[in-house]
Amino acid sequence: MIKKLFNPYIFIAGGASLFIGLAVILATSIIGHFSNIHFPDVLSAKVSPGFPLHFCIAQNLINWIITSLIMYLIAAPFSKTTVRIIDIAGTFALARAPYLIAATIGFFPALQNFGQYILWKTMKQGNPMIMSPGSITLAIFLIIIMLLLTIWMVTLMYNGFKISANLKEPKSALLFVTGLVLSIIATLIINNQLYHILIHTS
Amino acid sequence: MIKKLPISCPSCSHELNVQSLHCEACSTTISGQYSLPLLLKLEQHEQDFIIEFIQSSGSLKLMAQKLKLSYPSVRNMLDDLIEKINLLQNELS
């Protein structure tokens, strides 16, 4: 069971994984749109000011496509085997499954209010916000859950990368970390550009 | 019970050789020093993989279906096996 949760790619990869993964990405975008959770780069999940649905879908697709492409370009020259783009794309699409749960967490008002509360409490910015100790505890609990979901997603991505490229440690870890850092930077820049396009067109 | 052919020494893990061969029909025993053929130097599960691969007409896709594993998992198993065979061949030559 643990193996299936953290490394499902032993059993599923390629086309099947891609199909399920794309459904997951689409569902995450739709839920994120309604729960006000957006993903400004491949790893981050943040409370959004209410982005349109097409922006949420584009953001999630960018995170997946750019990361898959970077990981493929990094793995291909170092792998002894032929790396198939469908395996990288499929495993990375499915790896975003934990963020489907992260998107639903946005429905809790405690998480929505906590950002504003911290901003007001520490920097005296925004509107004054009062939160009960119960709501604060719930918000912290939800943030911890978010963190665990991120760890789960990164583990899935790493296992997908390792199995798709047949790379062994420590080479696999080194290449993956390099790819992840590049992916974070690239997705952050592209999504930022997308945000500016959205601002100018609306 | 099917007896497992030992391929390495249980004491020092060194590769084992064949010292005698016996004919059950006429009880002739041949003694000498024979090294194991390359395929027998592989682990049992690796030998099973090769047999499965041949029976699947060399189709990794078919093998993945039979073994209920993903395509890259089976391909990686084959790649690792190729690497091991190359290593054993280099040791022999």
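Each reported figure results from applying straightforward, stated rules to the coordinates on display, with no laboratory input. This structure is a prediction, so every number in the text was calculated from the model and none was measured. So basically every Cβ, Gly included, is an ideal-geometry build from the backbone, and we count neighbours across all protein chains shown.
Under a Cβ-only charge scheme (Lys and Arg +1, Asp and Glu -1), can you give me the dipole magnitude of chain A about the Cα centre, in debye to the nearest 20?
320
What three numbers, in Å, describe the spread of the alpha carbons of the stretch B:37-92 along their principal axes, ordered from the longest?
So the extents along the principal axes, rounded to whole Å, are 35, 18, 17.
Chain A: longest stretch without exposed trypsin sites (Lys or Arg not before Pro) (DSSP loop, at most 16 other Cβ within 10 Å), sites themselves excluded?
A:1-79
Modelled label-to-label distance, B:Glu91 and A:Thr201, 7 Å Cα→beta-carbon offset: nm?
Between B:Glu91 and A:Thr201, the label points sit 6.2 nm apart.
Within chain A, how many Lys pairs sit with Cα atoms under 25 Å apart, leaving out pairs fewer than 8 places apart on the same chain?
12
Taking the beta-carbon count within 10 Å as an exposure proxy, list B:Asp80, A:Asp41, A:Asp87, B:Asp48 from fewest neighbours to most.
If I rank by nearby Cβ atoms, fewest first, I get B:Asp48, B:Asp80, A:Asp41, A:Asp87.
Compute the projected area of the convex hull of the Cα atoms of the stretch A:88-202, averaged over all viewing directions, and report it in nm² to one decimal place.
Computed as one quarter of the Cα hull surface, the answer is 9.8 nm².
Can you give me the Cα centroid spacing of the stretch B:19-58 and the stretch A:32-75 in angstrom?
The two parts, judged by their Cα centres, are 55 Å apart.
Just to be sure I follow: if Rg is taken over the C-alpha atoms of chain A and Rh is the Kirkwood radius over the same atoms, what is Rg/Rh?
1.01
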